[in-house]
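The values are calculated or read from the model by the stated rules, or taken from the named source; none is laboratory data. For clarity, every value in this text was computed on a predicted model and none was experimentally measured. Don't worry about glycine lacking a Cβ; one is built from the backbone with ideal geometry, like all the others, and counts go over all protein chains shown.
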2 protein chains.
Amino acid sequence: MAKVVVIYSGGMDSFTVLHRAIRDGHDVYALSFDYGQRHVKELTVAAEVTRGLNIPHKIVDITAINELISNSSLTSTSTAIPEGHYEEASMQSTVVPNRNMILLSLAIGYAVSIGAEAVYYGAHSGDHAIYPDCRPEFVQRMNDVSRIANYEPIEIAVPYLTNDKAEILRDGLAMGLDYKNTWTCYNGRDKACGKCGACVERLEAFAANNTVDPLAYE
Amino acid sequence: MAKVVVIYSGGMDSFTVLHRAIRDGHDVYALSFDYGQRHVKELTVAAEVTRGLNIPHKIVDITAINELISNSSLTSTSTAIPEGHYEEASMQSTVVPNRNMILLSLAIGYAVSIGAEAVYYGAHSGDHAIYPDCRPEFVQRMNDVSRIANYEPIEIAVPYLTNDKAEILRDGLAMGLDYKNTWTCYNGRDKACGKCGACVERLEAFAANNTVDPLAYE
């Protein structure tokens, strides 16, 4: 049993990764980031889940860095969240510059601090088109540097790197997971909007699995 | 003239890098991090210098991440700063886990946001023995990932990577820099202590250049 850090946003991908790591017998430390996302509701959901699983969970406030990297509609309140499918050009406004390198480097620091061997995160093939820092070559190169950046090598583990969102959901459903305990919508309202790129992808994944999403939609 | 970000702590190495980048004709954006260091005095000095140079300067508060990576005497108030030379084993307590990957990833995000081409930082050969994330192989691998992590490649530039501290100082003195405008001591008191690893290294660098350090010591 290895001690591992799981970057856990509260969304369905990292929710599945979290459970995958637990099922694989690891000693899991969940790590969430509050970067001022409008969908901060996912952090509330994340905290409930880790409490239920009785695993350690840190939520780190990194909102101060928005002063540096604020070119994204995910953290700005003056920009509308684009609607429609991820592949559309407008979705590029949801890209936070260097987001995954920042989150991974913090998670690696945490892993070194607690003596963990690996950092798990939930990049998948559906993200490749729009997010450069979700591609396999990015993960490979982060692994290359993560092996030598500290006295102890830390592995970057991305269990669903070559799977799409529907396949992740399939694995989660096979594990018996309840996706009511996840939050995906980029708009942080009471119910999911069903229209933003994140909602559209989520609903497509459920449709591909011939299942109904247990979440309430507007 | 390229737009570049310089990670600038206020210490003598990054002070020299900052001026090197300016002399090389770049459009320099200085970036400092407040990570709760006891020697926060270096940030005050840094702000004075950038004001004098009339260049943009951001100081980002990342103290929240100490909750994640707090195993270091540089940020803890309950651990004594070790005295003596850097190479001694006790100096390992001054290592902040994954520090440079974290700072570089934030600086890369900033560079992307402002359309800069490169991030300069002040690692040098004297750091290699104690800090894994100051070695040439670390810089190489950070460059490898930084080229593909965003839509625009960002270069990691380390002008003094193969030089030691005395050689950096030699270059700075040749540029006519006044090292009174720098702060090195790990203890954040009025005058430099002259005993911590940072002070010892600094004094050795001045001695190697047959020059007297303009700073006041206790």
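Only one of B:Asp34, B:Asp24 is within 14 Å of chain A (Cβ to nearest Cβ) and either of a type in the set (S, T, N, Q) or surrounded by fewer than 17 Cβ atoms within 10 Å (Cβ to Cβ) (or both); which?
Within the list B:Asp34, B:Asp24, the selection yields B:Asp34.
Of the residues in region A:125-138, how many are at pLDDT 90 or above and buried (at least 21 other Cβ atoms within 10 Å of the Cβ)?
1
Could you list, in sequence order, the residues of region A:123-182 that are assigned to a helix (DSSP H, G or I), within 11 Å of chain B (Cβ to nearest Cβ) and either hydroxyl-bearing (Ser, Thr, Tyr) or more than 23 Å from B:Ile102 (Cα to Cα) (or both)? If you could, list the steps in order and put the result at the bottom.
Filtering region A:123-182 for residues assigned to a helix (DSSP H, G or I) gives A:125-127, A:132-134, A:136-146, A:165-174, A:179-181.
Of the ones still in play, those that are also within 11 Å of chain B (Cβ to nearest Cβ) are A:132-134, A:136-146.
Hit for region A:123-182 is A:Ser146, nothing else.
Do you know which residues across region B:2-11 are surrounded by 24 or more Cβ atoms within 10 Å (Cβ to Cβ) and at pLDDT below 95? Before you say what the answer is, go through the steps one by one.
Going through region B:2-11, the residues surrounded by 24 or more Cβ atoms within 10 Å (Cβ to Cβ) turn out to be B:5-6, B:8-10.
Scanning region B:2-11 gives B:Ser9, B:Gly10.
Which of the residues spanning region A:55-76 are among the hydrophobic types (A, V, I, L, M, F, W, C) and either more than 16 Å from the chain's Cα centre (by Cα) or modelled with pLDDT of 85 or more (or both)?
Result: A:Ile55, A:Ile59, A:Val60, A:Ile62, A:Ala64, A:Ile65, A:Leu68, A:Ile69.
Of all residues in region A:12-54, count the ones that are within 15 Å of the chain's Cα centre (by Cα) and closer than 13 Å to A:Tyr120 by Cα.
13
Looking at region A:168-214 only, could you name the residues that are among the aromatic types (Phe, Trp, Tyr) and closer than 18 Å to A:Gly52 by Cβ?
As a first pass, look at region A:168-214 and keep what is among the aromatic types (Phe, Trp, Tyr): A:179, A:183, A:186, A:206.
Result: A:Tyr179, A:Trp183.
Go through region A:104-114 and report how many residues are modelled with pLDDT of 95 or more and more than 7 Å from chain B (Cβ to nearest Cβ).
3
Of the numbered conditions (1) surrounded by 20 or more Cβ atoms within 10 Å (Cβ to Cβ); (2) free of Cβ contacts under 8 Å to residues at least 40 places away in the same chain, B:Ala174 satisfies every one except a single condition; which is it?
For B:Ala174, the exception is condition (1).
Mind listing whichever residues of region A:95-121 are aliphatic (A, V, I, L, M) and more than 17 Å from A:Arg20 (Cβ to Cβ)?
In the first step, residues of region A:95-121 are kept if they are aliphatic (A, V, I, L, M); the result is A:95-96, A:101-104, A:106-108, A:111-112, A:114, A:116, A:118-119.
Correct list: A:Val95, A:Val96, A:Met101, A:Ile102, A:Leu103, A:Leu104, A:Leu106, A:Ile108, A:Ala111, A:Val112, A:Ile114.
For region A:149-181, which positions are of a type in the set (Val, Ile, Thr) and at pLDDT 95 or above?
Result: A:Ile154, A:Ile156, A:Val158, A:Ile168.
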